Amino acid sequence: MAEERGIFHALDKNFYQQPTLDLAVSLLGCTLVKETEEGTAAGIIVETEAYVGPMDKAAHSYNNRRTKRTEIMFHEAGLAYTYVMHTHTLFNVVSGEEGNPEAVLIRAIEPVEGIDLMVKRRGMPESANLTNGPGKLTKAMGINTSDYGHPLTEKPLFISQGFVPESISSGKRIGIDNSGEARDYPWRYWITGNRYVSRHQNAEKIIIVKDVSKNGGTK
């Protein structure tokens, strides 16, 4: 795809003051941006997964588990929650009210700026495989554990207003088979038909979005 350069403006705190499931949907079509000394990389968020805190057996914070890793989940919404799994950094957006540990995992993005930089970081040619997974996108974007706790309303890591997808699909989350009934919750969301979505695009539900604004978090 042709690289597009744009001016990105971080969404304000109001955007993150939504119930977690709503935020997971609203993040689709927004632009994730990371500025580094190497340059700026940006991509449209095309896939998310919601983790609804204490009652969700798939969440790190299930049963209000508070550890060094999950601590940031107990803080205000709109912060970065990063952690390492199988040598890969994963990036989440803290959600829910302060003291109610919830988060949204960013599973895939569609690159729009800094594509050459992403290719260099991933050591592979440009393709959907560049950013079609949670560990792939963080490596391509230059997101790492040092971003833990960073406010996503501020540079160098932030989320910018994007577009509203015409159709959003939802289905079961991925890789949580040992989480009891939580493995069946349809809390994975993606832009219908987008080629950068990671895998398993069997939708249980399709949401047709109409007249939804992402300006400053109003809907």
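Which residue, of Thr87, Thr138, is over 14 Å from the mean Cα position of the chain (by Cα) and without any contact (Cβ under 8 Å) to a residue 60 or more places away in the chain? Show your work before the answer.
Values: Thr138 fails: over 14 Å from the mean Cα position of the chain (by Cα).
That would be Thr87, the only listed residue that is over 14 Å from the mean Cα position of the chain (by Cα) and without any contact (Cβ under 8 Å) to a residue 60 or more places away in the chain.
One residue is enough: does the range 74-83 have a residue meeting the conditions assigned to a helix (DSSP H, G or I), among the hydrophobic types (A, V, I, L, M, F, W, C) and at pLDDT 90 or above?
Looking for residues that are assigned to a helix (DSSP H, G or I), among the hydrophobic types (A, V, I, L, M, F, W, C) and at pLDDT 90 or above, one finds at least one in the range 74-83, hence yes.
With the checklist (1) open to solvent by less than 30 Å² (accessible area, probe 1.4 Å); (2) modelled with pLDDT of 95 or more; (3) under 18 Å from Val46 (Cα atoms) in hand, flag the one item Asp147 doesn't pass.
(3)
Filter the range 125-144 down to the residues that are farther than 18 Å from Thr40 by Cα and out of contact with any helix residue (DSSP H, G or I) (no Cβ under 8 Å at 6 or more places or on another chain), then identify the one that is surrounded by the most Cβ atoms within 10 Å (Cβ to Cβ).
Across the range 125-144, the extreme among qualifying residues is Pro134.
Condition check: open to solvent by 50 Å² or more (accessible area, probe 1.4 Å), in contact (Cβ under 8 Å) with a residue 40 or more places away in the chain and among the charged types (D, E, K, R). Does Lys13 satisfy that?
yes
What residue, among those in the range 18-32 that are touching a Ser or Thr at 6+ places or on another chain (Cβ under 9 Å) and not in a helix (DSSP H, G or I), is surrounded by the fewest Cβ atoms within 10 Å (Cβ to Cβ)?
Per the stated criteria, the residue is Pro19.
Just one of the numbered conditions (1) open to solvent by 20 Å² or more (accessible area, probe 1.4 Å); (2) at pLDDT 95 or above; (3) part of a loop (DSSP other than H, G, I, E, B) is not true of Lys57; which one?
Among (1) open to solvent by 20 Å² or more (accessible area, probe 1.4 Å); (2) at pLDDT 95 or above; (3) part of a loop (DSSP other than H, G, I, E, B), Lys57 violates only (2).
Within the range 33-42, which residues are under 13 Å from the mean Cα position of the chain (by Cα) and either over 15 Å from Asn92 (Cα atoms) or open to solvent by 20 Å² or more (accessible area, probe 1.4 Å) (or both)?
Ala42
The values are calculated or read from the model by the stated rules, or taken from the named source; none is laboratory data. These figures come from a predicted structure and were not determined experimentally. Cβ sites come from the backbone with ideal geometry, for glycine too, and all protein chains shown count toward neighbours. Accessible surface areas use protein heavy atoms only, side chains included; no ligands, DNA or RNA. Shrake-Rupley method; radii C 1.70, N 1.55, O 1.52, S 1.80 Å.
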